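Each value in this text was obtained by applying a stated rule to the coordinates, not by laboratory testing. Given the structure is predicted, the values throughout are model-derived calculations rather than measurements. Cβ placement follows ideal geometry from the backbone for every residue including glycine, while neighbour counts extend to all protein chains displayed.
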Amino acid sequence: MNGLVERQNRGILKALRIAKVLKTDWRKALEEYVFMYNTTPHAVTEKPPMELLTGRPVKVLLPSLRTDPMWYRDENTRETDTIKKFQGKQYADTLKPQRSQ
């Protein structure tokens, strides 16, 4: 019933199937999947979930050139999120059938 949960489960099952085919530890595959999910920027906020949770950039193997102050990043994220939500609302409103009076 919940599309977001269904999509997340599909990704988890795919990671587990790959681990089975490659005969690797399924726990390690699941850990790598969760890390990948938490460090990949979200389409709406353009920030990884881990960064939004902790309030600082995620440390990965590649160096980061970010030097923006924290308050600036949070403000940009909020603005981007608000804009995307407004655009989504406008799109949804255009798809709603007009009621006849």
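Quick notes on this structure:
- Annotation: lysines with alpha-carbon distance below 29 angstrom to K96 (same-chain offsets under eight excluded): K84, K85.
- R17 paired with N38, simple spin-label distance in nm, labels 7 Å along Cα-to-beta-carbon: 2.6
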